[in-house]
1. Along the charge dipole of segment 77-190, pointing to its positive end and built from +1/-1 on Cβ of Lys, Arg, Asp and Glu, which listed residue (Ser183, Thr139, Tyr90) has its Cα farthest out?
2. Is the shape of the chain best called rounded, prolate or oblate, per the rule: a/c under 1.5 gives rounded, else a/b larger than b/c gives prolate, else oblate, with a ≥ b ≥ c the square roots of the Cα gyration tensor eigenvalues?
3. Quick check for you: which residues of segment 64-100 have the amide N under 18 Å from the point 7 Å beyond the Cα of Trp123 toward its beta carbon?
4. Could you give the accessible area per residue of the chain, probe 1.4 Å, as a whole number in Å²?
5. Once the whole set of protein chains is in place, how much accessible area is left on Tyr6, using a 1.4 Å probe, in Å² to the nearest 10?
6. Ordered by residue, what ³J(HN,Hα) values in Hz, to whole numbers, does segment 11-16 give under the Karplus form 6.51 cos²θ - 1.76 cosθ + 1.60, where θ = phi - 60° and Gly and Pro are x?
7. Contour minus end-to-end for His14 and Ala132, with contour as 0.36 nm per residue of separation and end-to-end as the Cα-Cα distance?
8. Determine the dipole magnitude for the chain: charges of +1 sit on the beta-carbon of Lys and Arg, -1 on that of Asp and Glu, nothing else is charged, the reference point is the Cα centre, and the result goes in debye to the nearest 20.
Amino acid sequence: REEPQYSVRKADGHDEDVALMRFNSDYDWRVWQSTAGRTAFTTAAEGGDAANRVCRIAYDMVGVKPGQRPEHVVAHTDLIVRGRPRRVAYRVFGDGQLHYLTFIFLDARGEVFEYQEPALIDWMGWKRVEKAIPADFPTGWGNWNGDGKPDYPLRGFGFVLTAPSADAQGKGLLLIDDIEITSDAPKPPG
């Protein structure tokens, strides 16, 4: 598979790993949704530019019963992060429907770590989102399916799209492109 693309660069006097996803190849997204709505993660050309491909998230949220957690969609794909993540950046074409978008990592044993400061999609058009990850990762992150301690290398990356309220319904479209994840280079053995 051509993507993600991996490289190493110098930053602040040390090496850091960089994983880059530009969606020029198709990805195998594993998607689950909290209710009976439908969401599709696909790769598509951006507008009239067939040369630039993006991740297209077409969602259909149907709402939930009163008192339940707002509807949410979780999707992840394979991506290797060898050391502690430092920063995640991506571009989002927002639809202004006030949904929340955050990201997750999956570790080597399948445990999921969810960033707890989602982006509120309150804009229309393209916007760059960048989130620094504190050195005490995963302190303050949500996690499930494990012991709360990341097992490296991390082997997956994904998104969580959450409705703004339990009664939110409706269809929409988000585009995501140029995901860049920087991380510490792994420590040499010994």
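1. Result: Ser183, furthest along the dipole toward the positive end.
2. Oblate, because a/c is 1.5 or more while a/b does not exceed b/c.
3. From segment 64-100, the list is 88-100.
4. Spelled out: the 1.4 Å probe surface of the chain, per residue, equals 50 Å².
5. 120
6. Here the 3J(HN,Hα) series is 8, 6, x, 9, 7, 9 Hz.
7. Full extension of this stretch gives 40.8 nm more.
8. Values: 23 positive and 28 negative charges, 21 e Å.
Roughly 100 debye, rounded to the nearest 20.
The values are calculated or read from the model by the stated rules, or taken from the named source; none is laboratory data. Here the structure is a predicted model, which means the values were calculated and not measured. Reconstructed Cβ throughout: ideal geometry from the backbone, glycine too, with neighbour counts over all protein chains shown. Remember, those area values only see protein heavy atoms, side chains included, never the ligands or the DNA or RNA. Shrake-Rupley method; radii C 1.70, N 1.55, O 1.52, S 1.80 Å.
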